[in-house]
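S.K.: Shown below is the structure under consideration.
The values are calculated or read from the model by the stated rules, or taken from the named source; none is laboratory data. A quick note: this is a predicted structure, and the numbers were derived from the prediction, not measured. Virtual Cβ from ideal backbone geometry, glycine too; neighbours counted across all protein chains shown.
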Amino acid sequence: MDNGLRSDKEKQEKILAVAAHASVLLYFLHFFTLLVPLGIWIYEMQKPDGSRQTQYHAKQAFFFQLAYQLIILILSFIFGVLSLIRLGILVTPLLIIARLIFIQYAIRGAYKVWTGQPFRYAYITDILDIKEP
């Protein structure tokens, strides 16, 4: 019976870790997408038996999505400025490509976590020195 409970707990932890990565699909909500991985991270930290693995993935996903949102914000600002002089169309492909790359990378992370493979975001994990448990 203990094995069943343990596997249910592990399934829940895996689902939360996958949700933290996959929440990037809510990109149309802009900065509100940050609430999903942040909420999961805080939820797991507050639990007495919180999963360090889920915390690790939620923390990574939060900072990845924060960087993603800031890059999109900067590109949008550049788009707005260039639109004033009718050159905004030059930045439009960059916005589209950036969104697609970020979404694809986060979905890849969700898939790897779901299938039990190790995953870490390049640069984000290194810059913030996020250690895998």
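S.K.: Consider Ile97 carefully, then state whether it is buried (at least 16 other Cβ atoms within 10 Å of the Cβ), part of a helix (DSSP H, G or I), among the β-branched types (Val, Ile, Thr) and within 23 Å of the chain's Cα centre (by Cα).
M.R.: no
S.K.: Sort through Ile40, Ile15 and tell me the only one that's of a type outside the set (Gly, Ala, Ser), at pLDDT 90 or above, more than 20 Å from Asp126 (Cβ to Cβ) and surrounded by fewer than 20 Cβ atoms within 10 Å (Cβ to Cβ).
M.R.: Being of a type outside the set (Gly, Ala, Ser), at pLDDT 90 or above, more than 20 Å from Asp126 (Cβ to Cβ) and surrounded by fewer than 20 Cβ atoms within 10 Å (Cβ to Cβ) holds for just one of Ile40, Ile15, which is Ile15.
S.K.: Here's another thing I want to ask about it. All but one of (1) surrounded by 14 or more Cβ atoms within 10 Å (Cβ to Cβ); (2) within 18 Å of Val18 (Cβ to Cβ) hold for Ile78; state the number of the condition that does not hold.
M.R.: The one condition Ile78 does not meet is (2).
S.K.: Under 7 Å between Cβ atoms, which residue pairs at least 6 apart in sequence (or on different chains) link something in the stretch 122-133 that is over 17 Å from Phe102 (Cβ atoms) and modelled with pLDDT of 80 or more with a partner that is among the basic types (Lys, Arg) and in a loop (DSSP other than H, G, I, E, B)?
M.R.: Sorted first by the residue in the stretch 122-133, then by its partner, the list stays empty.
S.K.: Which residues, counting only those in the stretch 25-70, are hydroxyl-bearing (Ser, Thr, Tyr) and farther than 16 Å from Leu128 by Cα?
M.R.: Tyr27, Thr33, Tyr43, Ser51, Thr54
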